[in-house]
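Participant: Handing you a structure now.
Throughout, read-outs are computed from the coordinates displayed, never taken from laboratory work. Worth saying up front: this structure is predicted, and the values here are computed from it rather than measured. Please note: Cβ atoms are built from the backbone with ideal geometry, for glycine as well, and neighbour counts cover all protein chains shown.
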Amino acid sequence: MLRARRLVLRQWRESDLAPCAAMTQDPEVMRFFGVMRDRPQSDAWVERVRAHFAREGFGIWAIEAPGIADFIGFVGLSRVPGWMPVAAGGIEAVWTLDRPFWRQGYATEAAEAAMADGFGRLGLREIVAFTAAVNLPSRGVMEGLGMLRDPSADFMHPRVPPDSPLCPHVLYRSAAPAGAVSALPQHARKRAAEAGGDGAGQDGAQAEGHHFGPALRHHGAEPPDQDA
C-alpha cells in the first residue's frame, strides 16, 4: 500500500470490481481508447493485475480517496509489452480515473506516488508513459509529473487502425532522481537490470491492462488516464 496526501493506493478488493467495470464502460472515460470493457473482461483484467502483484511485487493499484470514495480509479507501473514499437520491455506509468474525480489533481498525485515507489523501492532507472497524441488531458498529467516528451519515439500504435485519430502516439520519459537507492535485494535488482530496468519483472497484466486489443490500454493500462 502507498499513501499520497489525499489518496491511498492499495490492493484490489472484491468491492472494486463493479465500479471498475462501470468506469471502463463509460464512453467519455474511454474516448481516447476506442474500446470499452464489459464486466467479464474487466473482472478478468483485475485478476491479471492481482496475479502480477503476487508474482512480481509491483503493478497497478486501486485508488481510494478516504472520506470521499472507496474507489476512484487505478494507477501503477506496468511492463511495456514486447510487441510495442517503442520502449518494449521498459516500465510505464499508467492511470485511469472515474469521471467524477477528474480535474482535482488526483491523477497527478497518485502517479507521483507510484513513480516514487518505482524509482525508490524498485530501483528503476527510467519510467515512460505514452498516449494518443490527441489525448491532451493525459499529456497534461505527464507534463505535470515533470516527464519530458521524446519526439524521436513518436509512433503509430500497432493495434489501432492507421486511419484512426487515436493511432498516432507520443511518448514521455522520466529518469530516476539523482541518488535514488533501491530497497530491493541485490538478486532482485540484478534480475530487473537484465530485463531492462532495475527492479521490474515481466508483467502479465500489462498488455491487457492498458493496451489496445481484446483488453484495452491507458495511455497506458488501458483505460484512461484522466485528471487534472
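Participant: Separation of segment 146-177 and segment 1-15 by C-alpha centroid, Å?
Facilitator: 28 Å
Participant: Here's another thing I want to ask about it. Please identify the chymotrypsin sites (Phe, Trp or Tyr not before Pro) of segment 88-186 that satisfy two criteria: DSSP loop assignment and at most 14 other Cβ atoms within 10 Å. Which are they?
Facilitator: Listed in order of number, the matching sites amount to none.
Participant: Using the Cα centre of segment 44-154 as the reference point, and only Cβ charges (+1 on K/R, -1 on D/E), how large is the resulting charge dipole? Debye, rounded to the nearest 20.
Facilitator: Values: 10 positive and 13 negative charges, 36 e Å.
Taking the Cα centre of segment 44-154 as origin, the dipole is about 180 debye.
Participant: Let me ask something else. Would you mind checking which residues have amide H under 5 Å from PHE71's amide H? H placed 1.01 Å from N; only 5 or more apart, or other chain.
Facilitator: Counting only residues 5 or more places away or on other chains, the set is ALA65.
Participant: Moving on to the next point. Can you tell me the length gained on complete extension of the stretch ALA88 to ALA54, counting 0.36 nm per residue apart and subtracting the Cα distance? Show your work: numbers first, answer last.
Facilitator: Numbers: separation 34, 0.36 × 34 = 12.24 nm, distance 2.24 nm.
This chain segment gains 10.0 nm when fully extended.
Participant: Suppose each label sits 7 Å from its Cα in the direction of the beta carbon; what would the GLN25-ALA116 distance come out to in nanometres?
Facilitator: In this crude label model, GLN25 to ALA116 measures out at 3.6 nm.
Participant: Now a separate question. Based on the Cβ-Cβ distance from GLU47 to ARG159, what FRET efficiency comes out when R0 is 30 Å, to the nearest 0.05?
Facilitator: On the way: r = 22 Å, r/R0 = 0.72.
That pair, GLU47 with ARG159, gives E of 0.90.
Participant: In whole Hz, with x marking every Gly and Pro, tabulate ³J(HN,Hα) for segment 88-98 from phi via Karplus 6.51 cos²θ - 1.76 cosθ + 1.60, θ = phi - 60°.
Facilitator: Karplus values, whole Hz, x for Gly and Pro: 4, x, x, 10, 10, 8, 9, 7, 7, 10, 5.
Participant: Whole-Hz Karplus ³J(HN,Hα) for segment 135-148, in order, using 6.51 cos²θ - 1.76 cosθ + 1.60 and θ = phi - 60°, x for Gly and Pro?
Facilitator: In residue order, the calculated couplings are 7, 5, x, 5, 4, x, 5, 4, 5, x, 7, x, 6, 10 Hz.
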